[in-house]
There are 2 protein chains.
Amino acid sequence: MTLRALVFDAYGTLYDVQSVLAKAEALCPGKGEVITQIWRLKQLEYTWLRSLMLEYEDFWEVTGAALDFALRAAGVEPTDAIREPLMDNYLHLDPYPEAQAALAALAAHKLAILSNGSPRMLEELLRNSRLDRWIETAISVDGARAYKPHPSCYALVEPALGVQKEEVLFVSSNSFDAVGAKAFGFEVAWIRRGSGDALATMFGMVRGRAEELGHAPDHTISALTDLPKLLP
Amino acid sequence: MTLRALVFDAYGTLYDVQSVLAKAEALCPGKGEVITQIWRLKQLEYTWLRSLMLEYEDFWEVTGAALDFALRAAGVEPTDAIREPLMDNYLHLDPYPEAQAALAALAAHKLAILSNGSPRMLEELLRNSRLDRWIETAISVDGARAYKPHPSCYALVEPALGVQKEEVLFVSSNSFDAVGAKAFGFEVAWIRRGSGDALATMFGMVRGRAEELGHAPDHTISALTDLPKLLP
């Protein structure tokens, strides 16, 4: 293939969604871990369920509903005083430590994001994290009114970037997303994050492994900084 | 409404999917609980993901793939010697203790199942459990080649039973299924199963509560035997 663009997933791939843990623990002592884990699990479940029910709501709404579920599951009433700082944190997620250096090393290529995030969430996240220095275009699935891994999400990339699917290397640490991107026809690099410790969490056990859905990724790497060696 | 049919979900509603726990524990000592929990979590995830990817495979295939994932997550290689007895158990699930009496009490009505299960799985399950004495029709989502909560699944009921959606009371203990059925237009009874203990399991924490997806059920009950008092 002639590589013309690298397209990154955002949450969990460039940005560490577990970085809300400290704030959750400060707001709900002793419950930060379970709230963070269930929040992320339900956030993804709700994207899938809403897509299937043909009742799309944008990712800000879905993320808020998943937070309400997680708080209640932990026995915490979702008041504004707890909800608002946690939701706000989603606009200020930490990039993974290697993200800046990895993107800088790839800057000769067209770099973009394809994310479940709403346009506003992605815009704020890119600006707050300064990753907008490297990422040329942020594509939101909002344009398809469905969530990954629905093929209509991945189909947004070609018109947005003016490339063909064979010219795209898609990068995600979310195993279901790597499957969906591969099924659509991208070349795919799956970032297999997480140590033995991470696999001991609920999220790690349920989502931190290769899926049994066919469509194996072309490349399995352990960090964003492994990407340059995949390129021609 | 004029009630003409009660339509039941199968797995988790009439049949206890946790009843595979003893066999899983015997085959994989010390790991039965985690295998059972992850198996069920991934089984549902894979129904949603395959539906979204437009890559339907029937529930036997999906259940097997989810088992492979769960075994590997628990550090167990999915050999035939372990897989086959666990898969076979899915054809011999125990009905909940109150199921026979509850269905007998409702036998004046048209009783049916609408399930993710494949036609063969439902046929064997009904025969092996003797619930075929009460259940007139088992409708598989296989006819829609999509999984719940896609509306095309619920739409199978009207032609199969010759009723209108307003004449159906849909019964499920799966909160996402209760949401999907309500969104489709059925009257819905959600069976909220599980004690404080059950909520402490991974499955209970992630799936054992009302969803934050709108479409609240019309009725929340605690067992199948609560159904007769809902009827006119």
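The values are calculated or read from the model by the stated rules, or taken from the named source; none is laboratory data. Bear in mind that the values here come from a model prediction, so they are computed numbers and not experimental data. FYI the Cβ positions are ideal-geometry reconstructions off the backbone, even for glycines, and counts take in every protein chain you see. The area values use the complete protein model at the heavy-atom level, side chains included, leaving out ligands, DNA and RNA. Shrake-Rupley method; radii C 1.70, N 1.55, O 1.52, S 1.80 Å.
Table for the structure above
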| read-out | value |
| --- | --- |
| Chain B - share of DSSP beta bridges that are antiparallel (%, nearest 5) | 10 |
| All lysines inside 18 Å of A:Lys229 as judged from Cα atoms, apart from same-chain residues fewer than 8 positions distant | A:Lys110 |
| Farthest positive-ward along the range A:112-232 dipole, Cα basis, beta-carbon charges - from A:Ala112, A:Pro159, A:Leu224 | A:Leu224 |
| The range B:113-166, Rg to Rh (Cα coordinates; Rh as Kirkwood inverse mean 1/r) | 0.98 |
| Cβ charges +1 (Lys, Arg) and -1 (Asp, Glu), total dipole of chain A, debye | 320 |
| Calculated [θ] (222 nm, deg cm²/dmol) that DSSP helices of n ≥ 4 give over the protein assembly as shown, each run adding -39,500 (n - 2.57) | -12000 deg cm²/dmol |
| Residue-wise HN-Hα coupling along the range A:58-63, computed from phi with Karplus coefficients 6.51, -1.76, 1.60 (Hz; x: Gly, Pro) | 6, 5, 5, 5, 5, 5 |
| DSSP beta bridge pairing in the protein assembly as shown, given as percent antiparallel to the nearest 5 | 5 |
| Kirkwood hydrodynamic radius over Cα pairs of the range B:56-118, then Stokes diffusion coefficient at 4 °C and 1.567 mPa s, in µm²/s | 91 |
| Net charge over other residues, Cβ less than 14 angstrom from the Cβ of B:Ile135 (K, R count +1; D, E count -1) | -1 |
| Dimensionless Rg ratio for the range B:17-89, taking C-alpha atoms and the 2.2 N^0.38 Å reference | 1.06 |
| D_trans [Stokes-Einstein, Kirkwood Rh over alpha-carbon pairs] for the range A:96-137, 10 °C, 1.306 mPa s, µm² s⁻¹ | 148 |
| Alpha-carbon centroids, the range A:28-82 and the range B:1-63: separation in whole Å | 23 |
| Long-range Cα-Cα pairs in the protein assembly as shown (distance over 42 Å), rounded percent | 17 |
| Cα-based equivalent ellipsoid, the range A:42-194: semi-axes from gyration tensor eigenvalues, Å | 27, 19, 14 |
| Apportionment of accessible area to carbon and sulfur, the range B:127-232, percent (1.4 Å) | 49 |
| Interface area, A with B, accessible, probe 1.4 Å, both sides summed, Å² nearest 100 | 3500 |
| Local net charge near A:Gly180, Cβ-Cβ under 11 Å (Lys/Arg +1, Asp/Glu -1) | -1 |
| Size-normalised alpha-carbon gyration radius of the range B:109-199, reference 2.2 N^0.38 Å | 1.10 |
| Residue-wise HN-Hα coupling along the range A:102-108, computed from phi with Karplus coefficients 6.51, -1.76, 1.60 (Hz; x: Gly, Pro) | 5, 5, 4, 5, 9, 5, 6 |
